[in-house]
Structure formats: structure tokens, C-alpha cells
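Trainee: Here you go, one structure.
The numbers here are math on the coordinates, done by the rules we state, and not lab data. Note that this is a predicted model, so its numbers are computed, not measured. Here the Cβ positions follow ideal geometry from the backbone for every residue, glycine too, while neighbour counts run over all protein chains shown.
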DNA sequence: TATGAATGAGAGTTCATTCAT
DNA sequence: AATGAATGAACTCTCATTCAT
């Protein structure tokens, strides 16, 4: 297997398992087994399991940023962009393999005292805040950005807790009201 | 060690460690060592580490319910009650040993397929929703209860992510607006 | 509960479990739970789990002796007595709750270096040898006693291994031939 | 430690201890300590202690088959082959480190409900039965095979119980008579 | 005498990581 | 560069027994 194929297999498998099962519940043995690579190969590409988690969060961060911006770009008016984002969340939550927000899930699972991980999560969420600010800039409502971001995370976390669609609907309604 | 202090020691120590370090990061060995009891004593009182987690969540659930209701009871008007709750959150978050919401922390850490744990978290959050409904009943604004609850959880989770006081302030402001 | 009731409950429960599950596979917790007595009560009547095993073997030894002699007594001729014993074995093996010979089962399970236990088993088997000698005395064939005893144990052990009725039939046939 | 010596060390040590002390009385800690390997190394080669028992029984099964057939092959006449087998048993039982039949010892120790283990023992004993049938085929006395097998196991089990040489002598005599 | 909590020691198993090939 | 066996440390849980009440 080519070097890059090996690395890709590892990252893809780890990402899938970290998301579905959680970081702690996923062992390196399961990763290498399902990825079909040797154990030492994993440690040649990543110094530790934690490094693999960083890679996972970084990739998902970029993917999420792009996805959200694509959704926003598909609408012209700020309000439409914002509401489309909540609709996007709703559609995500309806998917079969949805297990919650990649970043919030990890956030509670990682041990305290690992700044680079907590920073990664924070940075990702700051990107969301920045996105809302950009969206609201044309209509001079940047100060509402953090409120929308909080509704965004509220939708994610309460959907996770209650396993139901009502939170994102409520969040959308609240967003609509404050705009 | 004294008979009925053993159980208390176990529960108190486990609660402290589960909260500070997380459930997975806390081993029974650490619990018994810091509690100063024998390992078999722990398993005399709790069939498994998971049972100990249930006890922890149950106790914290009751404590949290009581604390929130006490805060609400200290004000007369619904709006005052609600705002006091967000002020209470802010004061909690300012404490030295605050590590986030007991229940949201556990929520992302427990493996799927443990319904009694997910149910415990959900039930606790439903208590908060019910509390807001009760508070708003006199002014016939019960339909805002879930919105306030979402701001409540939004404050908790975004404070956790950002390690800062701004989220709870923003949440409070939003609550004030919608009331 | 009266003292003797407690002791009886313990002995009966332990006997049942030792026989069905084996000595090692039966824990004192299971015994006291199913017997409905306190743990310390068990240790008041028996200094150790091993002592309980001794009691079990002693009781079963007497019961087995009596049962075999009763079977032998029900026939007049030595040959009839012997064949009746093998028929008795066959009927035992056909029972629902038959799990093999109490003594041979224990024999392989007990750690070496416990003379009092190995002696108990040996003594029980010597009783069987003596019984066959007594039976054969009237016809002056005492020297066949050990041969019959070996067929007796052969039937027990091979029935255990093969889980089938053929061994005892074969043993009976062999006994008939040598008489 | 050298790569492929680890597995050998584990198997040899476990075999020695399982035979001498029994399966239940032998812990994985003792095995790895006496084998001089790490605990995780044991579990790299065997998924469980029970798997190690299967390996032990399988190896001893082959060894026993070979040894018995070698003994039989050293004689020309069926009767000579059979008696040589009983002489072989007698010589085994005279050895310093003889603790009984590997298979009968395990038979009573393993919990019911582990078919692969009971089947292994049964299969080994069926090999003995088949061997006797083969030996007796040339003289058309195959129907005596199971009788000889029963004397074979009778010798093993009663030697174990009585710790004496008389059973195998008696079994040999009986074999001689029926042939 | 009867109790049930408390215990030290050890059970079997799995973890993330490293090393020799 | 790629491998798979080897590893120390830690895991959750259970054992037979004893002690305080």
C-alpha cells in the first residue's frame, strides 16, 4: 500500500470511529484493524493517538467551515443565510449517521490540561462566530453574531441530549425573531 | 474505617473525580485510593463503576434542581426569577472548581447504548424545562420555556468551550429580550 | 432462623451447587444468597469453604453407601446384586439432574496437597470395593471385587466424558461376563 | 525476549502448570511470571486463558495419540499391542511428575456450557477407542474395543483416586482375560 | 449467636506505545 | 518504509475471609 493510501486509510477510519464511538471508546487496535494497516504504520504517521485526534478535528473543522459557508452563500440576504444555516443543521440531525457535533462531543471527552485540543474546538467555534459576523455585517447587526452562535450551539447540544428535532426548530424560531 | 462512612467517602470521592477529570479518565483504583477504602468495599456498594456514575448523576441532579429552585424562589416576578438563574450560572462559572455542567459533560462521554445514563441526563434537563414553564405560568408565557432552557444550555456549553464569561452574559441579555 | 436450620440450609445449598457447578465455580456469596443466610453465619458453622466441601463429601458418602447397599440388598444372589448396581448407575445417569459422580468430580478439581480431601474420595471408593467384596464373599469370588469396582468407576467416568448411556451398558456386560 | 520463543514459553509454562496444579488453580499471573513474558504478550497470542487451555489440550492430544500408537506399533500381535498399552500406562504412572490423565483431569474442572472443551476431551477419548478398534480389526474383535477403552480409563481414574499401582495391574489382567 | 459491611489479594483482560526485523 | 510481536501499566471486577456491631 502506498504511503499516502496508508495515511488516508488511518485518518478516515479513525475519523469515522472517533465520531461514531467517541475518542476514548476507540482503541488504536480497532483503528488499524478496520483500516487494514500495521500498528507501527500508524505510529509512523502519528506520534500518538492524540495526534490522530488533532488531525481529525482539523479536517472536520475545515469541512464544517466550508459546508457552512456554502450554505450561507446559497442565499443572498443575511436573514436567509442565517435561517438556511439552521435548516442545514436540521437536515444534518435527520441523517442516519448523525451523532452530534464533532467538536462538542470531543470537548467533554478530552482530559483537561490539553490546551491544543481545547484550542482546536474553541477555534472552530470562533470560526462560526466570525461567519455570523460576516453575514450580518452588510446589515450592521454584527452584535447579534454571538447570539446566533449561541443558538447554533444550543441547537447542537440540546438535540444531542434530547434526541429530538424540536431544539433546532426552536433555535431557528429564536433566530428569526432576533433578526 | 467506620461502617457507613465508607459509602459516603466513595460517593464523594467519585463525584469529585468524575466531575473534575471525567468518567473515563477516572479509574476505580484512583477512587478507592483517594477515598481510603478497599476495592471490594466499592463493589459491595455499587455493582459496577457505571452504577457509581448513576449515583453521582442522581445526587447532582437533585442538588441542581434544589439550587435552581432556591434561586428562583428568592425572586417574586417571573422575569426576576429567570434573570436570577442566569446570574446564578454566572456565579457558578466564576468559581475555582467549576468544570462545566455535570450532565452535559457526561453526555458526550458515555457510550451510546446505555439508555439509563442518557435518560438521566435528559430527565435532568427536562426538569430545567419544567422549572422555566412553572416560572412563566403566572404570566402565561409557558411557550417561552424551551427558549429559555436553550439559552440556559447554550450558556453552559459555550462557556465550557470558550472558557470565558461572555456567553452567560449574552444568554442573560437574550433572555431579558425575549421576556 | 434456628441454628440448625441455618446450618442445614447452608449444607443443602452448598451441596446442590458444588454438585451442579463444581467446587471452584461456586462462590460463598452464591451459597449464602441462595441459602438465605448471612455470610458470617456460614463461617460460624464452617471455618472455611473447604470445610463445607468436607461436609458435602461426607454426607454424600454416607448417602451413596446406603443407596448402593439398599440396591444390593434388594437382590438375593451375588450376581443379581452386582448387576442391579450397574442398573442403578444407569438409572442415575438418566436423571435430569445427574452431573456425574460427586467424588470423581471433586477429585480432579481439588488442589493437590489437600490430603483430607483426597482421602475422603479414596475412602468412599474403598467402601465400594468393600461392598463388592462382601457381595462376592458367599460365592468365594472376592478377588473379582476390584475388577467390578473398576468397571463401576469406568462407567462413571466414561459416561461423564461421552455424555451417553453406552458406557454403563458396556460395563454391565463386562461385569456379567466376568462373574 | 526473542520473538517466537515467547509463544513457546507461554505454552510450555501453561501446560506444565495446568497439568500440575489444574486449570482453575493456575492464574495468568503465575504463567507469565514463570514464563518470563509480559501479560499483554500472552493475550497477543491467545484471546483468553481458555484459548490457552484449548492449545494445551490440543497439543497433549496429539502427543498422547502419537505415544500410544508408537507403543502399539512396537508389537506385532493385537494382544501384545493392547497389553503394551497398559504397560505403558503403568510406566507413566510410575513417573515422578505424573498427575493423572490430562484430559480426565480437565474434564471435571471445566464448567458445563463450554462445548469446545468437553468436545476436545471426548474427541481425544474417541481416538483411543478408534485405536483399540484398529488394533483388534485383524483378529475381528472390534466389538471389544470399547471394553478395552473402558479399562484404559478405569486404570487412569482409579490410579488417580487411590494413588497406587494396583489399578493398572488389575486393568491389564482384565484386558488379558477378555482378549 | 447472628449479622452485613469491610477487606487484601488477586482474578482475567486491554490499553497506547515501542522495538527488532 | 512497513511490519507485527512484545511490553509496562492500568483497567474493571471477584475471591474467601474477618471484624465491628
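Trainee: Shortest first and in nm to one decimal, what separations exist between residue D:25 and its copies in the other chains, measuring from label points 7 Å along the Cα-to-beta-carbon line?
Mentor: In nanometres, ordered from closest: 1.9, 4.3, 4.7.
Trainee: Give me the base-10 log of I(q)/I(0) for the stretch C:115-179 at each q in 0.14, 0.17, 0.26 Å⁻¹, Debye formula, one uniform scatterer per Cα, rounded to two decimals.
Mentor: -0.46, -0.65, -1.06
Trainee: Could you work out the Kirkwood radius for the stretch D:72-173, taking every pair of different alpha carbons, averaging 1/r and inverting it, reported in Å?
Mentor: In the stretch D:72-173 this quantity evaluates to 14.4 Å.
Trainee: May I ask for the percentage of alpha-carbon pairs in the stretch D:1-46 that lie more than 13 Å from each other?
Mentor: 46
Trainee: While we're on this one: If I take R0 = 45 Å and measure r between the Cβ atoms of residue D:51 and residue A:73 in this structure, what FRET efficiency does the formula 1/(1 + (r/R0)^6) give, to the nearest 0.05?
Mentor: 0.20
Trainee: On a 0 to 90 degree scale, rounded to 10, what angle separates helix C:166-178 from the longest Cα axis of chain C?
Mentor: 40
Trainee: What translational diffusion coefficient, to the nearest whole µm²/s, does chain A have by Stokes-Einstein, given a Kirkwood radius computed over alpha-carbon pairs, a temperature of 37 °C and 0.692 mPa s viscosity?
Mentor: So the translational diffusion coefficient is about 187 µm²/s.
Trainee: Now a separate question. Going 7 Å from Cα along the Cα-Cβ axis for the label, what nanometre distances separate residue D:87 from the same residue across the other copies?
Mentor: 4.2, 9.6, 10.4
Trainee: Here is a follow-up. Counting only Cβ atoms, what residue of chain D lies nearest to the axis that sends chain D onto chain A, and how many whole Å off?
Mentor: Axis-proximal residue of D, distance in whole Å: D:40, 3.
Trainee: For chain A, take the longest principal axis of its alpha carbons; what is the angle in degrees between that and the long axis of helix A:49-73, to the nearest 10 within 0 to 90?
Mentor: 30
Trainee: Moving on to the next point. For the stretch B:22-115, what size does the Cα cloud have along each of its three principal axes, sorted from largest down, in whole Å?
Mentor: Taking the Cα atoms of the stretch B:22-115, the three principal extents are 51, 32, 21 Å.
Trainee: Within 10 Å of each Cβ of C:106-119, how many other protein chain Cβ atoms are there on average?
Mentor: The per-residue average across the peptide is 4.
Trainee: Kirkwood hydrodynamic radius of the stretch A:41-80 from all distinct Cα pairs, in Å?
Mentor: 12.2
Trainee: Let me know the volume per residue of the alpha-carbon convex hull for the protein assembly as shown, in Å³.
Mentor: Once divided by residue count, the hull of the protein assembly as shown is 230 Å³.
Trainee: Hey, another quick one. Shielding of C:147-159 by partners, i.e. mean partner chain Cβ atoms within 10 Å per residue?
Mentor: Other-chain Cβ atoms within 10 Å of each residue's Cβ, averaged: 6.
Trainee: Follow-up. Label position 7 Å from Cα toward Cβ: report the copy-to-copy distances for residue D:119 in nm, one decimal, ordered from shortest.
Mentor: Spacings between copies for this position, smallest first, are 3.9, 4.3, 5.8 nm.
Trainee: Let me ask something else about it. Ranked highest first by the average count of other Cβ atoms within 10 Å around their residues, in what order do B:132-142, C:109-119, B:89-99 fall?
Mentor: B:132-142, C:109-119, B:89-99
Trainee: Taking the 0 to 90 degree range and rounding to the nearest ten, how far is the long axis of helix B:115-136 tilted relative to the main principal axis of chain B, both from C-alpha atoms?
Mentor: 30
Trainee: Compute the Kirkwood hydrodynamic radius of the stretch A:72-111, taking the inverse of the mean of 1/r over all pairs of distinct Cα atoms, and give it in Å to one decimal.
Mentor: Kirkwood hydrodynamic radius for the stretch A:72-111: 11.8 Å.
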